[in-house]
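The values are calculated or read from the model by the stated rules, or taken from the named source; none is laboratory data. Given the structure is predicted, the values throughout are model-derived calculations rather than measurements. Backbone-built Cβ (ideal geometry, glycine too); neighbour counts: all protein chains shown.
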Amino acid sequence: MLSRFAPRASVRYNAPIRAAFRPATVVKSSRFVTTDAASSHAEKEDVPDADDAPFQVKLSPEAFETYELDPPAYTLDTTKGELKKMYYDMVAVRRMEMAADRLYKEKKIRGFCHLSTGQEAVAVGIEHGIEKTDHVITAYRCHGFAMMRGGTVRSIIGELLGRREGIAFGKGGSMHMFSTGFYGGNGIVGAQVPVGAGIGFANQYLGKQNVTLSLYGDGASNQGQVFEAFNMAKLWNLPVIFCCENNKYGMGTAANRSSAMPDYYKRGQFIPGLKINGMDVLAVKAATEFGKAWTAAGKGPLVYEFVTYRYGGHSMSDPGTTYRTREEIQRMRSTQDPIAGLKMKILEWEVASEEELKGIDRSAREFVDAEVKIAEAMAAPEATPEVLYEDIYVRGSEPAFLRGRVPEENHYYPEREVSVPKSPAQT
C-alpha cells in the first residue's frame, strides 16, 4: 500500500523552479506515491498576510513520475484563500458522502451507491486547476465531481433519494449525475472514456481552447474501448487528459492481480504519461494546470494516473474488508488522509490557525447538514405516465417522426430552453 511518504515540502515566495527537484524523464516505477505533510516546513516571512496575495509552494520531489514527458514544475502558485477553500471543499465532499452512507443504511437510498471517501483530493484538485468552461466526465463514483462542477448538495442528495429536485430529476441515481461542464456519472465500466474523447473532438472542431478530463478507474483500464479512445485521441491530437483514478482495487481485485502492466500512466504508448500523488490536492492541482496548458498549446492528449485510495468498499453492498485488512484501511486513514495532509501544511505554513480550521470544519459540516435536511424533506415524486417521456430529447431537436409516439407526448421538466452550440461552418 501507500507505504512511504515523500520527502518534505516547503514554501518559497516567488522562488524559481529548480530543475534539481525534477526526476528523470522516464522513472523506474514505484507503485505508490505519497506526500508526508507532517514533514513539511515553511519560512513564515515568505507567506503573505492577505488571503488573495499569491505565493509559491514547493511540491515534493516525488509528487510526479513521468513517461515520455518532462515533468511539470515542482512549484505551485496559490493563495491563502485558495488553500482554505480547497480544505473546505474536501471537508464538504466527505461530509456529503458520509450523509449518503447514513441515508443508504437507513434504506432511504436504494440501488447502487458508490462513495469516494478518501479520494476527495482528486475531484477538488482537478476543479481548482481548470475553468468552468472546461469539461469533466467520469465513472460511477461521481458525487464529489458533481458537487465540484457546480451541483448543489441538496440536488445531489435529492438525486440519491430519487426526488424530482435531484440533479438529474431523480432519474439518474448515484451513477448518473450531470451539470454544466460535467457529463456524468456513467454506469458502464469504461464507456465514458471514448465519450470524453468525443467531447475533446467537439471542442477542437468548434475551435475552443477547453480541456476535457476523461476519468476512469484502474478496474476499467483494461477495457478495449479505453485503448481505442487513446488511439483516436492521439491520431487526431485531441485536447483530452485521460485520467486513471487508481484506488488500488477494481471492486475486490487488487490492481496487480488484474493488470499485467499496472503502470497505468504508461498505457498510452505514444501518448505521454504522468503519475500523480492523488492523495495530495496540491499535486493534483499542479498536474491539472500543466495538462490544461499542454492541450491548449495543441500538443495533444495526455494519460494521467492519480494514485489514491478509497476507505470504503466498492459500493455500499461491499464491506471492503474481505480482500484487504482493517489494519490497512486504518493505516491509510491515520497516515495518508488528503484532508489531514492539507491541514498539516496549512498549519505548518501558518496559512490559518487551528481555531480557524475548526471554524472551517464547522462551517462545512453545518452547510452540508442543512442541505441534506432540505433534500430529505423533498416530496416523493408522483408516478405519472408523463414522467416516462420527459427529457428524451433536447428541446428543439425532436425528430419529425417519433416511432410509436406523437410529438405531443414529449414532456420536459422543468420547462426550460436549451441552446445548441453552432459549428464554425454555421457561424
Practice task
Scan region 370-392 and report the pairs whose first residue is of a type in the set (A, V, I, L, M) and whose second residue is at pLDDT below 85, with Cβ atoms within less than 8 Å and a gap of 6+ or a chain change.
Solution key: Val387/His411; Val387/Tyr413; Ile392/Asn410
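Answer with yes or no whether Gly291 is in contact (Cβ under 8 Å) with a residue 12 or more places away in the chain, among the small types (Gly, Ala, Ser), surrounded by fewer than 24 Cβ atoms within 10 Å (Cβ to Cβ) and in the same structural domain as Lys208 (by TED's automatic domain parsing).
On the way: in contact (Cβ under 8 Å) with a residue 12 or more places away in the chain: yes; among the small types (Gly, Ala, Ser): yes; surrounded by fewer than 24 Cβ atoms within 10 Å (Cβ to Cβ): no; in the same structural domain as Lys208 (by TED's automatic domain parsing): yes.
So Gly291 fails the test.
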Problem - Test for Ala139: is it modelled with pLDDT of 95 or more and closer than 18 Å to Gly278 by Cα - result: yes
Problem - Residues of region 353-411 classified as in contact with a Gly (Cβ under 7 Å, 6 or more places away or on another chain) and either β-branched (Val, Ile, Thr) or not in a loop (DSSP other than H, G, I, E, B) (or both), total - result: 1
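One residue is enough: does region 185-198 have a residue meeting the conditions over 28 Å from Glu228 (Cβ atoms) and out of contact with any strand residue (DSSP E or B) (no Cβ under 7 Å at 6 or more places or on another chain)?
From region 185-198, those over 28 Å from Glu228 (Cβ atoms) are none; that's our starting set.
The answer is no, given that none of the residues of region 185-198 is over 28 Å from Glu228 (Cβ atoms) and out of contact with any strand residue (DSSP E or B) (no Cβ under 7 Å at 6 or more places or on another chain).
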Problem - Candidate set from region 268-289 (those that are of a type in the set (A, V, I, L, M, F, W, C) and part of a strand (DSSP E or B)); member that is farthest from the chain's Cα centre (by Cα) - result: Leu274
Exercise for the section: Please go through region 201-252 and pick out each residue that is touching a strand residue (DSSP E or B) at 6+ places or on another chain (Cβ under 6 Å) and farther than 22 Å from Phe290 by Cα. Expected result: Asp218, Gly219, Ser221
Fill in the blank from the handout: Every listed condition ((1) modelled with pLDDT of 95 or more; (2) closer than 24 Å to Phe145 by Cα; (3) touching a Ser or Thr at 6+ places or on another chain (Cβ under 8 Å)) holds for Glu68 save (2)
Handout entry: Residue pairs meeting the criteria (Cβ under 6 Å; at least 6 apart or on separate chains; first on the phi > 0 side of the Ramachandran plot, in region 306-326; second crowded, with 16+ Cβ neighbours inside 10 Å)
Key = Gly320/Gly312; Gly320/Gly313
Exercise for the section: Find all pairs meeting these conditions: Cβ atoms under 7 angstrom apart; at least six residues apart or on different chains; first residue within region 207-236 and assigned by TED's automatic domain parsing to the domain that holds Ser259; second residue basic (Lys, Arg). Expected result: Val211/Lys292; Ser221/Arg267
Handout entry: Filter pass, Gly144 being touching a Ser or Thr at 6+ places or on another chain (Cβ under 9 Å), surrounded by fewer than 24 Cβ atoms within 10 Å (Cβ to Cβ) and at pLDDT 95 or above
Key = no
Exercise for the section: Could you please let me know if Gly190 is at pLDDT 95 or above, assigned to a loop (DSSP other than H, G, I, E, B) and under 21 Å from Tyr304 (Cα atoms)? Expected result: yes
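Do we have Val307 as surrounded by 24 or more Cβ atoms within 10 Å (Cβ to Cβ) and touching a strand residue (DSSP E or B) at 6+ places or on another chain (Cβ under 7 Å) here? Break it down into steps so the answer makes sense when it comes.
Numbers: surrounded by 24 or more Cβ atoms within 10 Å (Cβ to Cβ): yes; touching a strand residue (DSSP E or B) at 6+ places or on another chain (Cβ under 7 Å): yes.
When the stated conditions are applied, Val307 passes them.
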Completion exercise
Residue set Lys299, Lys292; condition over 30 Å from Lys108 (Cα atoms), of a type in the set (Lys, Arg) and in a loop (DSSP other than H, G, I, E, B); output residue Lys299
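Can you tell me which residues in region 231-249 are in a helix (DSSP H, G or I) and either among the basic types (Lys, Arg) or crowded, with 23+ Cβ neighbours inside 10 Å (or both)? Walk me through how you get there before you give the answer.
First, the residues of region 231-249 that are in a helix (DSSP H, G or I): 231-236.
Once the filter is applied, which keeps residues that are in a helix (DSSP H, G or I) and either among the basic types (Lys, Arg) or crowded, with 23+ Cβ neighbours inside 10 Å (or both), region 231-249 yields Ala233, Lys234.
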Practice task
Please indicate, with yes or no, whether at least one residue in region 366-380 is at pLDDT 80 or above, among the aromatic types (Phe, Trp, Tyr) and loosely packed, with under 13 Cβ neighbours inside 10 Å.
Solution key: no
Handout entry: Long-range neighbours under 7 Å by Cβ, at least six apart or interchain, first residue outside the structural domain of Ser174 (by TED's automatic domain parsing) and touching a residue at least 60 places away in the same chain (Cβ under 8 Å) within region 127-148, second among the small types (Gly, Ala, Ser) and buried (at least 24 other Cβ atoms within 10 Å of the Cβ)
Key = none
Completion exercise
Selection over region 250-267 where residues are of a type in the set (A, V, I, L, M, F, W, C) and in a helix (DSSP H, G or I) yields a count of 1
Problem - Sole exception among (1) part of a loop (DSSP other than H, G, I, E, B); (2) crowded, with 19+ Cβ neighbours inside 10 Å for Lys171, by number - result: (2)
